[in-house]
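The values are calculated or read from the model by the stated rules, or taken from the named source; none is laboratory data. The shown structure was predicted, so the numbers you read here are calculated from the model rather than taken from an experiment. Here the Cβ positions follow ideal geometry from the backbone for every residue, glycine too, while neighbour counts run over all protein chains shown. SASA here: full protein model, heavy atoms, side chains in, ligands and nucleic acids out. Shrake-Rupley method; radii C 1.70, N 1.55, O 1.52, S 1.80 Å.
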Amino acid sequence: MPTNLPPDYFNLEKQFREPETVEEKIDLLQEMYSVVPKHKGTDHLRADMRRRLAKLNQEAQSHKAAAKHASTFRIPKAGAGQVAIVGPPGTGKSTLMAALSGEASDDDSPPRSTFEPAPAMMPFENIQVQLVDTPPLSQEYVEPRLKDLIRRANLVLLVVDLQQDPIEQLKDSIRLLDDFHIAPRQRRDRYPEDQALTFLPFLISVNKCDDAQGEELYTIFCELLDEKWPCLPVSAQTGHNLERLKQEIVANLDIIRVYTKVPGKEADHNAPFVFKTGSTLEDLAGRIHKDFLEKMKFARVWGKAVHDGQMVQRNYVLQDGDVVEIHI
Ligand SMILES: Nc1nc2c(ncn2[C@@H]2O[C@H](COP(=O)(O)OP(=O)(O)OP(=O)(O)O)[C@@H](O)[C@H]2O)c(=O)[nH]1
Ligand SMILES: [Mg+2]
């Protein structure tokens, strides 16, 4: 240890065992460096500090890159539900997402394999559903953070390629997701209850069903399936069945849309409140304002399960399409 170091240096060095993060270590080391006097006796020490600083800076850079990378796999939810579009490489996930969201680009650049998830909104009637395009599920390698992304979703849209052994693709994908502890809701009965599994609604899009020949292949595909799956033949390229796919997606999100009105006026059907199936009048009141929740006496409802304008209480279970007039 060189001599003639100021007391500040030693105070700082004591602290140096304390900092937790790389950034804190860098700050401290820089501070220490600044109090080391420049002379022959400290040459070696200063060189050593510069080396450590360079190493820490490098570490900080890779942390930053990792943090950036991680955040791309955590897509904040938006709209009426989040749909993870998953499947083997090249089945048309990205093309399908672009077609469903209406964001299809018209540039002719060749399609690229997806490395990072990307969200897009799919308009449907008076709501928006969030779609998330994901990197492929393949036997060779699956990005581990994809698991959490899928688990957080409200629905899995599994895309297989009608022209590339779709039965095999379906089975492989289900098996890979199973390794991730993600299973289709329809298979719930197969698993013992204590397993830490996430069950999600699954829809299977059998993509690249572009023409009559595709329809024939699809018929064969259905005959060969040994389990009943909610499948739909689609073509992201021609747009075949995409409207039906949108309907199926929304129908499987387990959501209801309700509308509010004030006495003597019509409801605004362009602005629904979206709730999970099973939500009650209290949930609606709470969503509008906490005052409504506290002061609500009853509500009148127009809808499928009630007479027009029927009076209902707080525990009334809302139905899709209900128009609600809250009385406080
Ligand atoms: N014939 C036909 N080709 C399609 C269809 N949808 C996508 N493709 C083509 O399939 C290829 C792969 O499409 P992508 O959308 O990149 O597939 P992906 O599943 O996102 O691929 P990865 O991100 O690599 O997993 C492209 O050449 C698309 O043009 C379709 O409906 N019919
Ligand atoms: Mg892709």
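Stretched out straight at 0.36 nm per residue, the stretch from Glu282 to Lys297 would grow longer than its current Cα-Cα span by 4.3 nm. Over all distinct Cα-Cα pairs of region 191-273, the Kirkwood formula returns a hydrodynamic radius of 16.3 Å. Dipole size of region 145-223 about its Cα centre, with +1 on Lys/Arg Cβ and -1 on Asp/Glu Cβ: approximately 600 debye, rounded to the nearest 20. Remark: spin-label model distance Asp211-Thr72 equals 3.7 nm, labels positioned 7 Å along the Cα→Cβ axis. Helix 166-179 and the longest principal axis of the C-alpha atoms of the chain enclose an angle of approximately 50°. The residues packed around Tyr259, meaning those with a beta-carbon under 12 Å from its beta-carbon, carry a net charge of -2 if Lys and Arg are +1 and Asp and Glu are -1. Mind checking the angle between helix 242-251 and the chain's longest principal axis? C-alpha axes, 0 to 90 degrees, to the nearest 10. Relative to the chain, helix 242-251 is tipped by roughly 80 degrees.
Each label was represented as a point 7 Å from its Cα along the Cα-to-Cβ direction; for Lys304 and Glu24 these points are 5.7 nm apart.
Sites listed here are trypsin sites (Lys or Arg not before Pro) in region 226-314 whose DSSP assignment is loop and whose Cβ has at most 10 other Cβ atoms within 10 Å: Lys228, Lys265, Lys297, Lys304. Let me know the whole percent of all Cα-Cα pairs from region 199-328 that are separated by more than 21 Å. Tail of the P(r) past 21 Å holds 54 percent of the pairs. Karplus-based coupling profile of region 255-268, in residue order and whole Hz: 10, 10, 10, 10, 10, 10, 9, 9, x, x, 10, 7, 6, 8, with θ = phi - 60° in 6.51 cos²θ - 1.76 cosθ + 1.60 and x standing for Gly or Pro.
Coordinate range of the alpha-carbon atoms in region 168-228 per principal axis, descending: 46, 18, 18 Å. When the alpha-carbon atoms of region 124-277 are used, the pair Rg, Dmax equals 18.1, 63 angstrom.
In percent, rounded to a whole number, the relative contact order of the chain is 12, using alpha-carbon pairs under 8 Å and six or more apart.
Here, P(r) means the percent of Cα pairs in each 20 Å bin from 0 to the largest distance; for the chain it is 24, 37, 26, 12, 1. By a 1.4 Å probe calculation restricted to protein chains, Thr277 has an accessible surface near 90 Å², given to the nearest 10.
Over region 245-328, with every protein chain in place, what whole percent of the accessible area is carbon and sulfur at 1.4 Å, could you tell me? The nonpolar share, carbon plus sulfur, comes to 49 percent. When DSSP beta bridges are restricted to pairs lying wholly in the chain, around 50% turn out antiparallel. Would you mind counting up the charge near Gln164? Only other residues with Cβ under 12 Å from its Cβ, with Lys and Arg at +1 and Asp and Glu at -1. Computed value for this residue: -3. Relative to the longest principal axis of the Cα atoms of the chain, the long axis of helix 43-72 makes an angle of roughly 0 degrees. Return the single residue from Leu232, Leu29, Leu176 with maximal mean-square fluctuation; model: Gaussian network over the chain, springs between Cα atoms under 10 Å. Looking only at Leu232, Leu29, Leu176, the largest GNM fluctuation is found for Leu29.
Largest first, the three principal axis extents of the alpha carbons in region 96-199 are 48, 36, 25 Å in whole numbers. Protein heavy-atom accessible surface, 1.4 Å probe, per residue over the chain: 57 Å². A simple spin-label model places pseudo-atoms 7 Å from Cα toward Cβ; at Gln237 and Arg188 they are separated by 3.9 nm. From its DSSP helices (H runs of at least four residues, each -39,500 (n - 2.57)), the chain gives a residue-normalised ellipticity at 222 nm of -11500 deg cm²/dmol.
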